[in-house]
Every structure is written in structure tokens, then in C-alpha cells.
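Heads up: the structure comes next, in C-alpha cells.
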Amino acid sequence: MKNEMRRLEQRILLFSVFFLSLCGIIYELVLGSLATYLLGNPVQQYSITIGFFLSSMGLGSYLSRFLTRDMLKNFIMIEVALGFVGGLSVLILSYLFSFSATYYMLHIFFLIVIGTLVGLEIPIITRVLKRYGSLKDILSNVLSLDYIGGLAGSLLFPLLLFPFLGRMLTSVIIGALNILVAIVIIIKIDYENRRKTDLLIPMAVFILLLGMAASSDRINTILQKRLYYDDIVFSKRSRHQEIVMTRNDADFRLYLDGSLQFSSVDEYRYHEMLVFPSLAIHKSANKRVLVLGGGDGLAVREILKCRDVAAVTLVELDPAMIDLAKKNSSLRVLNGDSLDDPRVSVVVGDAYAYLVGNRKKYDVIIADFPDPHDETISKLYTVEFYMLLRRSLGRGGVFVTQSTSPLFAREAFWCIHHTMKKVFGSVTAYHVYVPSFGDWGFNMASEGAPLAAPVGGPAPGLKYYTAETFRESLHFPMDSSATLTDINTFNKPVLYSYYLKGWKYYTEM
């Protein structure tokens, strides 16, 4: 009977190692992804997160030597502390994000505290397990389960937890899992100086975290109100991004991952200038148009105003965005049900993958991608991507892409321009003032001779674009005029660094 109890205790402790490792890697991933979401620059944020987390784990391993008594009880206290701090970390950091200096100091603080607690776990649990067998067997079992738990956590977070639960709920549930490990050990394993009250604090923290998990939607709404000035009318975490729509009287806005995509008050300026110069320059009577991105349907709405457009193909990565554009009443009014037009074909998928497999030729290709605020999006503004895109242009075809602000991110804008010139024979830069965005830029390209400025009157229903407006948009003042930059490539993605450098100056003013 005694031997069976010892085997059960050993299995419980070994199985807990798996969950400890799983929780530890998920804390690291969730804090790294939060910093990336709030601050951009994923390479920098994940490098800082991993560096501080691993070094703190080393600190925890070193400090474990000073714990010499009541090892299992100390282990239980560490699990409770880790569950409490880790479970609340995303909530506190998200709430305090508006205080930027405080945020980054707290980010480092949580990395050090959580990393140190995680570093304490394995040395202590290994010393506890020594009484159940030889050190050789114990070490091999502990390290094996530790590595397997790390793999499980690294797969669970991107594939299941983050897409379906989001960061805050993930951290709360993982914190509760840490507490649950402590509760099981208290109930099932005998240890020195055991007291009847040992369950009180773990149970209290466990109930607190469960209550937060049950109220996660309400808490997220409170957190979002700190990030957005207007009333939130829609909020959803899709597999690819966080989608938020706000309203303030007649001003209806869409945000993706916290970045403004449009304001209904002035979006027509942006979308008309994105779409009509290329359509006016290309003289085909039955234009075939490809739109990359733009799942809100607003660019497609403008394209359909041209009577000589025969077919439009929209490639959008996020099916949730397509679903919203087709079913949300406010967005449908704004896009005019453009995605349900018989001339429009919607393809859900990655733009890069689509171009790799595409064999059709298009007269006009319009890229309405997000700004290149990280390496992932920056690949859609590289020489390699433009070479792939050029293959899908027909004879005399025209390509245009939004290119961020030439004023706020001057080097980023001209980096896109210079990168396109490495691929296309002619590239034309132009810009427009959009009140909700500021000065905003575009680059338009073709393989042939320099693009002629469009002539003729505007299409029916336009509010801003004319041939004269376009000619005026070709002039850049000295503070946003052309400047030398490196070329953006897969191997050397300099664009997002230019972008962050430019916008950092204006966001800190």
C-alpha cells in the first residue's frame, strides 16, 4: 500500500513537470506577443522578452540553492505566486499601456518575476523527487517531461489558445492551471509542516482567476475603452487579428490590431486616390482588376463605379473580415454591398501564396495592405514580392499600393518607392491629405515608359478625385520629398525599421 502511494505521488509530481513547462513557455509567448501588438517590431520585442525571461530563469535556478527546508511547501508557494502574477500580467500591462514609460518598465518587471519563479520550479521539484528514486532516473524523467511540455505549450499558444481565447484569457487560464497543480499536490501528497489552512490561499487565487475568466469579455471591453476614444460597436478576435469598430455620431471607424483603417467621414479621399489613377491610366475597355487586401470592400466599391471594369478579384487573408463586410449593417451601407456584386470574386487566402499559384493576367493590381509595422507585413513590400506581382500584370498593366505617410514616415514611404523601382520600369509617387490619417502616400508602377497623368472627367459618384487633383498630388513639399534609402528585401527587411523610426517621432510628440 505504501509503495503504491509513493508511485502515485511520483507520477503526480512528474506529471506536474509537464504542466509547469507548458505554462512557462506560454507566459513567455503571451508577453512577447503583447509587447509586439502594443509596440510593433516583433524581432526586437521577442528578443527582449526571450533574453530577460531566460536570464531570469537562470536567476531562479541560482536562488533555488538557498531553499533548503520544506521543499514541497516552498514549491506550492511558488506555484501560487506564479499563477497569480502570470494570470494577472496581461490585464495589468494592457490597462497601463497608455503610460508608455510605465508600460515598458512593467513589461520587464513581469518578465523578471515570472522568469525567476519558473526558474525555481525545476530545481526544487527535482530535489523533491530524489526521495522517489535514483538521481539518474529522476533527471532523465524531469528533463524529458520539461521538453515535451515546452513543445506542447509552443504549439497550443499559436494554434488554439491565442486564436480562440486571446492574450488576456490565455494568461488567466494558464495562471489557474499553475494554481491547480498546487492544489492537487496539497490534496494528494503528504509533506512536512502541512496545515489544514494550506488550501485557503490557493483556492482563493484559483476562484479569483476563474472569476476573471468568466468576466473576460467585460474586462476586455473596459481595456478597449482605454485604447479607443469612441464607443465600441463591434469587437472580435479572429485567427489573424483583433477587429474593432467604433462610432461617434456619424464617424464610423475600423481598427485592425489597434491601427486605424478608415474613418467613414473621409475614407473616400483615400480610396478614390488609391483606385482611380490606375484605372484612368489603363485604357482597356474590359478591365480585369485584382485587389490584394481591402477586405472591408471599400476599394472594391470605388472600382465598381468604373463602367469599363469587367471583373474584380479580391484576395483577403482574414475570412472574419469578409464576413463582417458582407453582414455588418454599418459596413454594408458604407461599402454598398460591393462584395456581393456579380463582377466580384472573393478569394480567402494569403496574397503572396495567391500570386505564387496565379496564372491569370490582370490589367490593374491594387494593394491595400496594412502599414509595414513588422517584418511579416514588410514582406509584402519587398523586391521579391514585387517581382512575383509583376508576373501577374498583363501587357500595359498598372500596379498601385498604399505606401504609408510620406510626412510621418518619410524614409519608409521612399523606401517602398525605391524598392518598386528595382522591379518596374516606371514608378510614380503621389499623396493626398486625409484628415483622419494626415498626409498619405501611394506608389503606382508599370513596366513600360513613365506613366502619363490621367485625363478626362471623374467616374460618376466621386467626391474628391479628378485628373487635376491627381496632377496636384504629384508635388511633394521639401519635408516629404524624395530621400535616399536602402532597398527592402526578404533577406534585409529594412522597411519596418524605417516605419517605426518615423512614426515613433510623431507618436511621442
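For L407, the test of being out of contact with any strand residue (DSSP E or B) (no Cβ under 6 Å at 6 or more places or on another chain) and either within 17 Å of H271 (Cβ to Cβ) or touching a residue at least 12 places away in the same chain (Cβ under 8 Å) (or both) is failed. Restricting attention to the range 236-262 and to residues that are within 15 Å of the chain's Cα centre (by Cα) and under 17 Å from S329 (Cβ atoms), the residue that is surrounded by the most Cβ atoms within 10 Å (Cβ to Cβ) turns out to be V244. Please report, ordered by residue number, the helices (runs of 4 or more DSSP H) entirely within the range 294-339 with at least 3 residues that are over 19 Å from E267 (Cα atoms). The qualifying helices (runs of 4 or more DSSP H) are 319-327. Within the range 102-144, if we keep just the residues that are surrounded by 18 or more Cβ atoms within 10 Å (Cβ to Cβ) and hydroxyl-bearing (S, T, Y), the residue that is farthest from F18 (Cα to Cα) turns out to be Y103. Summed over the range 297-318, the residues that are within 25 Å of the chain's Cα centre (by Cα), of a type outside the set (A, V, I, L, M, F, W, C) and at pLDDT 95 or above give a count of 2. You will find that of D249, D308, the residue that is over 30 Å from P42 (Cα atoms), acidic (D, E) and not assigned by TED's automatic domain parsing to the domain that holds T466 is D249 and no other.
Per the listing F53, F18, F66, the residue uniquely more than 27 Å from S497 (Cα to Cα) and in contact with a helix residue (DSSP H, G or I) (Cβ under 9 Å, 6 or more places away or on another chain) is F18. When restricted to residues that are closer than 15 Å to V128 by Cβ and either buried (at least 22 other Cβ atoms within 10 Å of the Cβ) or aliphatic (A, V, I, L, M) (or both), the range 6-37 contains 7. For residues in the range 247-279 being modelled with pLDDT under 90 and touching a helix residue (DSSP H, G or I) at 6+ places or on another chain (Cβ under 7 Å), which is nearest to G293 (Cα to Cα)? That would be D257.
Inspect the range 13-23 for any residue being assigned to a helix (DSSP H, G or I), in the same structural domain as T116 (by TED's automatic domain parsing) and of a type in the set (S, T, Y) and give the result as yes or no. Yes, there is a match, as at least one residue in the range 13-23 is assigned to a helix (DSSP H, G or I), in the same structural domain as T116 (by TED's automatic domain parsing) and of a type in the set (S, T, Y). Going through (1) charged (D, E, K, R); (2) part of a helix (DSSP H, G or I); (3) crowded, with 19+ Cβ neighbours inside 10 Å one by one, E468 falls short only on (3). Restricted to the range 195-222, and to residues that are in contact (Cβ under 8 Å) with a residue 12 or more places away in the chain and farther than 21 Å from Y95 by Cβ, which residue is farthest from the chain's Cα centre (by Cα)? Only one residue tops the list, namely D198.
Of the numbered criteria (1) touching a helix residue (DSSP H, G or I) at 6+ places or on another chain (Cβ under 6 Å); (2) at pLDDT 85 or above, the one L223 fails is (2). Before we move on, is D257 in contact (Cβ under 8 Å) with a residue 12 or more places away in the chain, at positive phi, not β-branched (V, I, T) and not assigned by TED's automatic domain parsing to the domain that holds S33? Considered against the rule, which asks whether it is in contact (Cβ under 8 Å) with a residue 12 or more places away in the chain, at positive phi, not β-branched (V, I, T) and not assigned by TED's automatic domain parsing to the domain that holds S33, D257 comes out as yes. In the range 341-368, the qualifying residues are those that are within 19 Å of S278 (Cα to Cα) and crowded, with 18+ Cβ neighbours inside 10 Å, and the one that is farthest from the chain's Cα centre (by Cα) is D363. Taking residues in the range 124-148 that are in the same structural domain as L20 (by TED's automatic domain parsing), and partners anywhere that are of a type in the set (D, E), the pairs with Cβ atoms closer than 8 Å and at least 6 places apart or on different chains are Y132/E9.
Among the residues of the range 263-279, some residue qualifies, meaning at least one is of a type outside the set (K, R), over 18 Å from the mean Cα position of the chain (by Cα) and within 30 Å of Y103 (Cβ to Cβ).
The values are calculated or read from the model by the stated rules, or taken from the named source; none is laboratory data. All figures in this text were calculated on a predicted structure; none of them were measured in a lab. With ideal geometry, Cβ positions are generated from the backbone for all residues, glycine too; neighbour counts draw on all protein chains shown.
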